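A.B. asks: Got a structure for you, questions after.
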Amino acid sequence: MSTSHRLLRLLSLLQTPRDWTGAELASRLEVSPRTIRNDIERLRTLGYPVHATRGAVGGYRLEAGTSMPPLLLEDDEAVAVAIGLRTATAGAVAGLEESSLRALAKLEQVLPPRLRRQVSTLQAVTVRVARGRSGPAVNPAALTDLARAARERFTLRFDYSDRRETASQRRVEPYRIVSAGQRWYLVAWDLDREDWRTFRVDRMKPGMSAGARFTPRPLTDAEVEALVARGVPPEARAHQARVIVHVPAAQLSERFGPWLGRVEPLDESSCLVTTGADNLEMFAVWLGMLGADFTVTDPPELVAQLRALAARYAGAVA
């Protein structure tokens, strides 16, 4: 193959996140190790930071440099990136729409016609439906700063406004950033409250500051998911409710997850759910979709809502 073709093939291999020995590269490209060394130097001259290590476990690796070099993508990777960029134009990160469009325009300009048709075909038959209200937009720079602090284990101090618009200053150890629905959350250990907390990124005020490094605490992906799924704790909602559901507690917990509230077994076939709701009418409708018999004990307002709905449903089929 020509030198230029060989350099592009070599660059494509080096963009795989692993170490390549000179012998492996020479075998892949069907050239001598000396040619590989010369080609590595050509790539370095073009600005690609190719790092080399000696020894039995050494090899070549493409590392991050001072600027973003051109990327070589396989066919399926190019299609995935194009679809992802098109989806990002309607995302919940403020300012990302314009940059996504610019990047998409550059990518589609060089996509082969067969790949461009794949992207266009999928996009033509795909409809994005926003469920409910769209979430608040967040500053992408804030997400980047949070990700950097979590990765490098720096404590953070920031001003925060909770769901009741109560302002407070928080000192945390940041661990994960989670995109759930239309919102972004920071999962962190609150140093003052000595407990895990989730923070809506859009409620964090500008001007966060990094502090000392911290030693990470154990936290699994399942625990992160449970913390975010819990969202606003039931006890913080406007109305509290106690519902006896006639299914085993384990079955109900598996179906609805930790956001439902506290589920306590009463016997082998029923459990007590202690939860909360901001809208009792919607909660009464949701109870009807449990797929199980239930009994409501508190509050009286929820009992009244259920009676009104029962009469309305009964009249609809009379």
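The values are calculated or read from the model by the stated rules, or taken from the named source; none is laboratory data. What you see is a predicted model, and the numbers here were worked out from it, not measured in a lab. Methodologically, a virtual Cβ is constructed for each residue, glycine included, from the backbone with ideal geometry; neighbour enumeration extends over all protein chains shown. Side chains included, ligands, DNA and RNA excluded: accessible areas come from the protein's heavy atoms. Shrake-Rupley method; radii C 1.70, N 1.55, O 1.52, S 1.80 Å.
A.B. asks: Once both labels are modelled 7 Å past Cα along the beta-carbon direction, what's the residue 267-residue 34 spacing in nm?
C.D. replies: 8.8 nm
A.B. asks: Moving to a separate point now. In whole angstrom, how far apart do the alpha carbon centroids of segment 145-209 and segment 268-288 sit?
C.D. replies: Going from one Cα centre to the other spans 30 Å.
A.B. asks: Moving on. Mind giving me the FRET efficiency for residue 310 and residue 51? R0 is 51 Å, r the Cβ-Cβ distance, nearest 0.05 is fine. Intermediate values should be presented prior to the final figure.
C.D. replies: Numbers: r = 71 Å, r/R0 = 1.39.
After rounding to 0.05, the efficiency reads 0.10.
A.B. asks: Now a separate question. Ordering 295, 35, 275 by how much accessible area each has at a 1.4 Å probe, largest first, what is the list?
C.D. replies: Details: 295 65, 35 40, 275 5 Å².
Ranked from most to least accessible, the order is 295, 35, 275.
A.B. asks: Taking a 1.4 Å probe, which of 159, 76 shows the most accessible area, and what order do the others take after it? Please report the intermediate quantities before stating the final value.
C.D. replies: On the way: 159 70, 76 110 Å².
From most accessible down to least: 76, 159.
A.B. asks: Figure the gain on full extension for residue 162 and residue 75 (residue separation times 0.36 nm, minus the Cα-Cα span) and round it to one decimal in nm.
C.D. replies: Working: separation 87, 0.36 × 87 = 31.32 nm, distance 4.53 nm.
Between residue 162 and residue 75, full extension yields 26.8 nm more.
A.B. asks: Of the trypsin sites (Lys or Arg not before Pro) in segment 167-199, which ones lie in a loop per DSSP and count no more than 14 other C-beta atoms within 10 Å? Don't skip to the answer; put the middle values down first.
C.D. replies: Details: sites: 170, 171, 176, 183, 193, 197; in loops: 193.
Filter output for segment 167-199: 193.
A.B. asks: Next up: Using the Karplus curve 6.51 cos²θ - 1.76 cosθ + 1.60 with θ = phi - 60°, what ³J(HN,Hα) values do you get for each residue of segment 21-30, in whole Hz, with x for Gly and Pro?
C.D. replies: Values, residue by residue: 6, x, 5, 5, 5, 5, 5, 4, 9, 6 Hz.
A.B. asks: Mind running the shape call on segment 241-318? Use the C-alpha gyration tensor, a ≥ b ≥ c as the square roots of the eigenvalues: rounded below 1.5 for a/c, prolate if a/b tops b/c, oblate otherwise. It would help to have the intermediate numbers written out before the result.
C.D. replies: Numbers: a/c = 2.03, a/b = 1.63, b/c = 1.25.
In terms of gyration-tensor shape, prolate.
A.B. asks: Same structure again: Report the local net charge at residue 154: Lys and Arg +1, Asp and Glu -1, summed over other residues whose C-beta lies under 11 Å from its C-beta.
C.D. replies: Details: positive: 148, 151, 153, 157, 213; negative: 145, 152, 173.
Neighbourhood net charge equals +2.
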